[in-house]
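> Once you've had a glance at the structure underneath, I'll fire off some questions.
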Amino acid sequence: MKEKKHETAELLRVGTIVNTHGIRGEVRVLSITDFPEERYGAGNLLYLTHPQTKQELELTVESQRTHKQFQLLKFHGLDRIEDVEGFKGCPLYAKELLHNALEDGEFYFSDIIGCRVELEDGTIIGTVKSILQPGANDVWVVEEVGSRREILIPYIDPVVKQVNVEEKRILIVPMEGLL
């Protein structure tokens with residue numbers, strides 16, 4: 001762990017530390033990144049701002065594993081629960097984007113978040129705010145226009161008809177009961 005000066009505006013948010021895990025310095029991370037196994041691979045650098053001291057920290061990933069819907073991370077030099085307890089609730093950032101080749105119909109989270117979701121008739125439903133990965137398919141969390149209500153859109157062929165990341169536009173045909 002190093003104290004580091006950086007601008008969080010230039011960094012990509014990749015997750016949030018939601019809790020500790022065990023007594024040996026592991027943290028439980030709710031991930032919002034593409035390819036978490038690669039993003040959190042051993043030796044990779046992640047950044048956070050300590051909530052109490054406001055120090056900007058550079059953390060080197062020592063190990064990573066998946067447990068339920070969380071990523072469990074261990075950082076180099078942080079070997080006790082006391083070393084990481086203060087990180088609860090802290091967002092994690094990374095500098096670089098991963099540039100893996102994508103198949104047709106695959107997108108980076110950063111391409112989808114912020115897209116406008118519309119019906120075939122042009123009615124705007126809302127904007128994608130986050131992406132859940134509960135199981136077989138991703139679920140896009142859309143904040144409805146004119147309200148704070150969230151609509152969950154499954155990323156499946158019968159619902160999502162077109163994704164245009166350049167125009168930040170997604171066309172859907174909702175299943176009965178979806179809206």
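The values are calculated or read from the model by the stated rules, or taken from the named source; none is laboratory data. Quick caveat: nothing in here was measured; it's all calculated off a predicted structure. Positions of Cβ are backbone-derived with ideal geometry, glycine not excepted, and every protein chain shown enters the neighbour counts.
For (1) surrounded by fewer than 10 Cβ atoms within 10 Å (Cβ to Cβ); (2) at pLDDT 90 or above, each residue gets a yes or a no:
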site: Ile131; (1), (2): no, no
site: Asp138; (1), (2): no, no
site: Ser147; (1), (2): yes, no
site: Ile151; (1), (2): no, yes
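> Here is a further query. If you go through the stretch 113-128 one residue at a time, how many are surrounded by 12 or more Cβ atoms within 10 Å (Cβ to Cβ) and at pLDDT 90 or above?
10
> Another question about this same structure. Does the stretch 101-109 contain any residue that is surrounded by 16 or more Cβ atoms within 10 Å (Cβ to Cβ) and at pLDDT 90 or above?
The answer is no, given that none of the residues of the stretch 101-109 is surrounded by 16 or more Cβ atoms within 10 Å (Cβ to Cβ) and at pLDDT 90 or above.
Here is a yes/no grid of residues against (1) over 12 Å from Val29 (Cβ atoms); (2) surrounded by 12 or more Cβ atoms within 10 Å (Cβ to Cβ); (3) free of Cβ contacts under 8 Å to residues at least 40 places away in the same chain:
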position: Val61; (1), (2), (3): no, yes, yes
position: Arg65; (1), (2), (3): no, yes, yes
position: Phe70; (1), (2), (3): no, yes, no
position: His76; (1), (2), (3): yes, yes, no
position: Glu82; (1), (2), (3): yes, no, yes
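> Kindly list, by first and then second residue, each pair from a residue in the stretch 155-179 that is free of Cβ contacts under 8 Å to residues at least 40 places away in the same chain to a residue that is among the charged types (D, E, K, R) and part of a loop (DSSP other than H, G, I, E, B), limited to pairs with Cβ atoms under 6 Å and residues at least 6 apart or on different chains.
Listed by first residue and then by second, the contacts come to Tyr155/Asp138.
> In the stretch 132-150, which residues are in a loop (DSSP other than H, G, I, E, B) and either in contact with a Ser or Thr (Cβ under 6 Å, 6 or more places away or on another chain) or within 20 Å of Gly15 (Cβ to Cβ) (or both)?
Gln133, Pro134, Gly135, Asp138 - these are the residues of the stretch 132-150 that are in a loop (DSSP other than H, G, I, E, B) and either in contact with a Ser or Thr (Cβ under 6 Å, 6 or more places away or on another chain) or within 20 Å of Gly15 (Cβ to Cβ) (or both).
> For residues that are in a loop (DSSP other than H, G, I, E, B), in contact with a Gly (Cβ under 9 Å, 6 or more places away or on another chain) and either surrounded by fewer than 21 Cβ atoms within 10 Å (Cβ to Cβ) or among the β-branched types (Val, Ile, Thr) (or both), tally how many sit in the stretch 8-59.
6
> Could you pull out the residue among Thr8, Thr16, Thr20 that is within 20 Å of Lys88 (Cβ to Cβ), modelled with pLDDT under 90 and β-branched (Val, Ile, Thr)?
Just one listed residue meets the conditions, Thr8.
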